[in-house]
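Asker: Shown below is the structure under consideration.
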Amino acid sequence: MRRLNSEYSGANIAQCVLNVIGEYKFSGKVRYFMLDNATSNDVAVDLILKTLYPKMSVKQRRRRRLRCLGHVVNLCAQAFLLGKKAKLTLEELESAYSK
């Protein structure tokens, strides 16, 4: 695990991951990524795969970016149980709990 000490952007995430891949020398074995739905993760995966496999097409890179089912189910459950303003409701609950 590495700490990302800079902005949580796709480019910074990609560089951090590429450093780890280089350090442990497994660049030829990277195939798929399973991450949550953050846009920065989309950018990071695309940049990593472009670097490791420059001949890979955009379509091929997109197919290697998988969504975490647990995260998707959690978001769906929150929306179902708490409604369209689930995030606001959770923030209010957290605030009330921490008092």
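Every number here is computed from the coordinates shown, using simple stated rules; none is lab data. The structure presented is a predicted model; accordingly, all values stated were derived computationally and were not measured. Backbone-built Cβ (ideal geometry, glycine too); neighbour counts: all protein chains shown.
Asker: Sort out for me the Cα centre separation of segment 83-99 from segment 1-36, rounded to whole Å.
Answerer: Going from one Cα centre to the other spans 32 Å.
Asker: Related question: Which value in nm describes the separation of the simple spin-label points at D36 and L82, placed 7 Å from the Cα toward the beta carbon?
Answerer: Each label point is offset 7 Å from its Cα along the Cβ direction, giving 1.2 nm.
Asker: Taking a ≥ b ≥ c as the square roots of the Cα gyration tensor eigenvalues, with a/c under 1.5 meaning rounded and otherwise prolate when a/b beats b/c, else oblate, which class fits segment 35-94?
Answerer: prolate
Asker: A further question follows. Where in segment 1-29 does the amide nitrogen come within less than 15 Å of the point 7 Å from the Cα of H71, taken along Cα to Cβ?
Answerer: In segment 1-29, the label zone of H71 (backbone N under 15 Å from the point 7 Å along Cα→Cβ) covers 8-11, 13-14.
Asker: Can you give me the angle between helix 10-24 and the longest principal axis of the chain, using Cα atoms only, in degrees from 0 to 90, rounded to the nearest 10?
Answerer: Compared with the principal axis, the helix lies near 50 degrees.
Asker: In addition: Using only the alpha-carbon atoms, how far is helix 69-82 inclined from the longest principal axis of the chain? Give it as 0 to 90 degrees, nearest 10.
Answerer: Orientation of helix 69-82: about 20 degrees from the principal axis.
Asker: Compute the long axis of helix 86-98 from its Cα atoms, compare it with the longest principal axis of the Cα atoms of the chain, and write down the angle in degrees, 0 to 90, nearest 10.
Answerer: Between the helix axis and the principal axis of the chain, the angle is about 70 degrees.
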